[in-house]
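**Student:** Starting off with a structure, shown below.
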Amino acid sequence: MDVYEAVTSRRAVRGFTDRPVPREVLERVLSAAAWAPSGSNLQPWHPYVVTGGPLAEIKKRAGERLAAGDAWDKPEYEQYPPVLKSPYRERRSAFGEQRYGALGIPREDVEARQRAASANWDCFGAPAALFCYIDRDLGPAQWSDCGMFLQTVMLLLRAEGLHSCPQMAWAKFYRSVAEVLSPPAELMLFCGMSIGYEDVTVDDARTGRAPIGETVTFVEG
């Protein structure tokens, strides 16, 4: 698979089979992803790759909290601005319409949307997950570095025939994750990522992208 195919075939998959992901594949991906760029080579990412019993326990704890109606954990960072301006507001709205529309869930059915969203905390059935932590003392540039690392991971997973779904949703249950992983106190959970083989029987429409004329400015001589 060439780079262009890896980029264009990568998407947030929300349905995985229970086929195990070999440890050697995950090691190969993470070893290569370590070459992702970072300012002054800080390499600020701290990924925890979780499978088997520990992942089942994380899913179980999150599921129990959902069933009990427990509140989300107090946010440790702001995922979105309180007020999204145009065009970001429209793009987010269009995503929601497409995502839940594909599931046959109308906008006004809040309960059904919540049920669909709860699949996040089962990793959409994936048998492997990555939880990416970052040091609390680091700043926006290092968060950007983590993003480049995670994108590199996702593209390498495609080269291995795997799919993924990056999930900031896990930051809402960071306490449940920490109860199992016991990360150092100085680390903050940025996001999770479901990893596995796609369940092709799950109907999950792919979201589109803005044309480059809307996002890119060429300055030519």
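The values are calculated or read from the model by the stated rules, or taken from the named source; none is laboratory data. Just so you know, these numbers come straight off a predicted model, no measurement behind them. Positions of Cβ are generated from backbone atoms using ideal geometry, with glycine treated the same way; all protein chains shown enter the neighbour counts. Remember, those area values only see protein heavy atoms, side chains included, never the ligands or the DNA or RNA. Shrake-Rupley method; radii C 1.70, N 1.55, O 1.52, S 1.80 Å.
**Student:** Using the basic label-point model (7 angstrom from Cα toward the beta carbon), what is the R89 to K60 distance in nanometres?
**Tutor:** Output for this residue pair reads 4.5 nm.
**Student:** Follow-up question, since we're still on this one. Roughly what % antiparallel, to the nearest 5, for the DSSP beta bridges in the chain?
**Tutor:** If I count the DSSP bridges inside the chain, around 95 percent turn out antiparallel.
**Student:** Please give the calculated 222 nm ellipticity per residue for the chain, where each DSSP H segment of at least 4 residues contributes -39500 (n - 2.57) and the sum is spread over every residue; nearest 500 deg cm²/dmol?
**Tutor:** -12500 deg cm²/dmol
**Student:** Classify the chain as rounded, prolate or oblate, taking a ≥ b ≥ c as the square roots of the eigenvalues of its Cα gyration tensor: rounded when a/c is under 1.5, otherwise prolate if a/b is larger than b/c and oblate if not.
**Tutor:** rounded
**Student:** Using modelled amide H (1.01 Å from N, peptide plane; none on Pro or chain starts), what sits under 5 Å from the amide H of Q167, excluding residues fewer than 5 places away?
**Tutor:** G192, M193, S194
**Student:** Another one. Just report the Cα centroid separation between segment 1-78 and segment 127-148, whole Å.
**Tutor:** Measuring centre to centre over Cα atoms gives 11 Å.
**Student:** Would you grab the residues whose amide H sits under 5 Å from the one on W45? Only those 5+ places off in sequence or on another chain, please, with H modelled 1.01 Å from N.
**Tutor:** none
**Student:** Calculate, for the chain, the solvent-accessible area per residue in square angstrom, rolling a 1.4 angstrom probe over the heavy atoms of the protein chains.
**Tutor:** Each residue of the chain exposes 57 Å² on average to a 1.4 Å probe.
**Student:** Which helices pass in the chain if a helix is a full DSSP H run, must span at least 27 angstrom along its long axis by Cα, and must have mean Kyte-Doolittle hydropathy not below 0.0?
**Tutor:** 140-159
**Student:** Using modelled amide H (1.01 Å from N, peptide plane; none on Pro or chain starts), what sits under 5 Å from the amide H of F16, excluding residues fewer than 5 places away?
**Tutor:** A126, D199
**Student:** Please list 79-88, 191-200, 211-220, 57-66 highest first by mean number of surrounding beta-carbon atoms within 10 Å per residue.
**Tutor:** 191-200, 57-66, 79-88, 211-220
**Student:** Turning to a different aspect of this structure: Please label the shape of segment 158-221 as rounded, prolate or oblate, based on the square roots a ≥ b ≥ c of the eigenvalues of the alpha-carbon gyration tensor (a/c under 1.5 means rounded; beyond that, a/b larger than b/c means prolate, else oblate).
**Tutor:** oblate
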